[in-house]
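The values are calculated or read from the model by the stated rules, or taken from the named source; none is laboratory data. On a predicted model such as this, the values are computed, not experimentally measured, just so you know. For neighbour counting, all protein chains shown are included, and Cβ atoms are generated from backbone atoms with ideal geometry for every residue, glycine included.
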Amino acid sequence: MDVLEWLSAALGDDAIAAGVLSTDREALDAARTDRSGWIADGSPLAVVNATAVEHVQATMRAASEFRVPVVPRGAGTGLAGGANGTDGAIVLSVAGMNRILEISADDELAVIEPGVINADLNDALEPYGLFFAPDPASKAISTVGGNIATNAGGLLCAKYGVTREAVLALDVVLADGRLVSTGHRTVKGVTGYDITALFVGSEGTLGVIVGATVRAIPIPAGEPTTIGALFPDVRSAAAASARVTASRLRPAVMELLDAASLDRISAHLGADTIASAFGTTGGGSYLLVQFDGPSAAADAASAAELIGAEGGTVRVSADADDGERLLAIRRAFHPALAATGEVLIEDVSVPRSRMPEMFAAIERISEKYGVPIPTVAHAGDGNLHPNFVYSGAEVPPAVWDAANELFRTAMDLGGTLTGEHGVGVLKRRWLADELGPDSYDLQVKLKSVFDPLGILNPGKVFG
């Protein structure tokens with residue numbers, strides 16, 4: 001009996017009839033890639049479309065019995081190759097485990113399965129006056145389980161925190177098929193080691209998340225106030241954002257677009273989009289700031305003064321529709337880039353005070369290697385997304401050479417290889433350089449405790 005026969009018997013006839021186990025060529029090929037564009041070599045052995053915890057447990061027991069690798073996967077919206085099905089592996093999709101099991105308004109939490117779409121969770125929470133704060137750009141299509149696996153961030157994380165701060169408890173199937181529960185429903189809880197936090201951001205290398213209890217917080221009162229500002233160059237815009245942060249103001253959103261980004265957005269939306277908002281089509285950078293809550297108007301007025309003092313042409317709006325027009329400039333970033341070529345979306349973080357230096361380095365690296373690198377930053381937390389634009393099906397060597405220098409520059413500035421996308425396959429070659437030999441060795445040993453056979457997402461993160 002081989003692994004697929006064993007697994008078929010364990011899943012049962014009903015599950016097989018329902019398509020839980022698939023060896024369809026189209027399904028196997030689709031599981032080899034994600035939104036990064038990286039395609040794994042070879043072909044997965046099968047895809048398990050789990051709809052129940054028991055399906056996940058049966059898969060892991062079969063994999064352990066036959067020493068077969070397993071690649072946990074959600075919606076496939078990752079940007080680091082972390083959930084791509086590799087040759088000979090079982091791809092374990094939990095996208096079909098998509099039920100919201102409980103919403104407790106009194107305790108401000110929700111209990112969910114991992115395949116729940118981020119935006120769907122917020123739609124369900126809204127009638128209770130609550131929301132789930134992590135808001136990656138992919139929130140309309142990404143799963144909360146995937147958000148947890150990569151410790152995703154987004155536009156709001158400077159004020160409300162990344163996914164780790166929103167996770168109270170997890171249900172996880174281990175490599176041998178055992179089901180464990182970690183964490184608490186309570187706000188406080190320090191019993192034992194914080195295993196919950198360890199699983200958050202582990203990219204499917206320690207266990208398969210099958211359930212989560214997540215924190216929900218009150219929707220801020222009142223309408224937000226939005227600031228849009230044009231600057232002659234990105235360094236002055238970055239300096240303005242750093243000044244806002246240093247003032248102890250805490251915007252819900254603070255996004256920064258460089259000149260290469262703004263040029264493409266203007267071409268994509270039409271030059272009149274910028275002109276109608278600011279009375280000019282000129283500008284070497286765009287800063288978007290939004291405040292929410294009762295003090296939004298007062299905080300925005302204070303921030304507008306600081307931004308203007310750095311040379312920005314400032315527009316402040318408390319009108320919801322007008323604010324949406326200012327936000328639309330930022331939201332057009334990815335569509336505008338996709339209209340000009342293939343795009344490798346990257347992710348580094350630096351201390352907020354060093355963003356001007358990082359932007360200057362990106363400009364220098366772009367010129368050095370002849371590669372356009374339009375960049376958007378979550379300026380409130382120092383997380384930059386350099387996007388490498390190229391033509392052709394394969395990523396050119398010059399792009400990887402430029403990325404190598406860019407990643408090392410971020411580390412030299414006291415930053416990190418990834419703020420929210422994860423390591424996956426695409427950044428594993430630089431991981432040891434950031435962690436150092438002792439920390440790297442400790443993390444490899446830690447993985448072996450949870451996955452002694454090395455079957456959980458092998459080749460990802462630690463290679």
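Just a few scattered comments:
- Residue that is farthest from Ala271 (Cα to Cα), among those in the range 311-356 that are in contact with a helix residue (DSSP H, G or I) (Cβ under 8 Å, 6 or more places away or on another chain) and among the basic types (Lys, Arg): Arg352
- Only one of the listed residues (Ala124, Ala152, Ala119) is among the aliphatic types (A, V, I, L, M) and touching a helix residue (DSSP H, G or I) at 6+ places or on another chain (Cβ under 8 Å). That residue is Ala152.
- Arg325 being touching a residue at least 12 places away in the same chain (Cβ under 8 Å), within 17 Å of Leu384 (Cβ to Cβ) and not assigned by TED's automatic domain parsing to the domain that holds Ala398: no
- Among residues of the range 256-283 that are at pLDDT below 85, those with a beta-carbon under 7 Å from a residue that is aromatic (Phe, Trp, Tyr) at least six positions away or on a different chain give the pairs Gly283/Phe231.
- Residue ranges of strands (runs of 3 or more DSSP E) in the range 235-322 with at least 3 members under 25 Å from the mean Cα position of the chain (by Cα) and crowded, with 24+ Cβ neighbours inside 10 Å: 253-258, 285-291
- Within the range 20-47, the set of residues being surrounded by 19 or more Cβ atoms within 10 Å (Cβ to Cβ) and farther than 30 Å from Val395 by Cα comprises Val20, Leu21.
- Test: residue in the range 283-291 that is closer than 22 Å to Val316 by Cα, in contact with a Leu (Cβ under 7 Å, 6 or more places away or on another chain) and among the hydrophobic types (A, V, I, L, M, F, W, C): yes
- Residue within the range 51-72 that is under 24 Å from Gly154 (Cβ atoms), modelled with pLDDT of 90 or more and touching a strand residue (DSSP E or B) at 6+ places or on another chain (Cβ under 8 Å) present: yes
- Selection of the range 93-102 for residues being outside any loop (DSSP other than H, G, I, E, B) and buried (at least 19 other Cβ atoms within 10 Å of the Cβ) yields only Ser93.
- Residue that is farthest from Ala137 (Cα to Cα) [pool: residues in the range 46-79 that are in a loop (DSSP other than H, G, I, E, B) and of a type in the set (S, T, N, Q)]: Thr51
- Residues that are under 11 Å from Ala89 (Cα atoms) and more than 20 Å from the chain's Cα centre (by Cα) within the range 28-39 comprise just one, Leu28.
- Yes/no for Ala17 being surrounded by 12 or more Cβ atoms within 10 Å (Cβ to Cβ) and either of a type outside the set (S, T, N, Q) or in contact with a helix residue (DSSP H, G or I) (Cβ under 6 Å, 6 or more places away or on another chain) (or both): no
- Test: residue in the range 222-229 that is more than 17 Å from Leu156 (Cα to Cα), small (Gly, Ala, Ser) and without any contact (Cβ under 8 Å) to a residue 60 or more places away in the chain: no
- Positions within the range 136-161 being without any contact (Cβ under 8 Å) to a residue 60 or more places away in the chain and either farther than 15 Å from Asn383 by Cβ or of a type in the set (S, T, N, Q) (or both), in sequence order: Lys139, Ala140, Asn147
- Lys188 being under 15 Å from the mean Cα position of the chain (by Cα) and either buried (at least 23 other Cβ atoms within 10 Å of the Cβ) or outside the structural domain of Leu249 (by TED's automatic domain parsing) (or both): no
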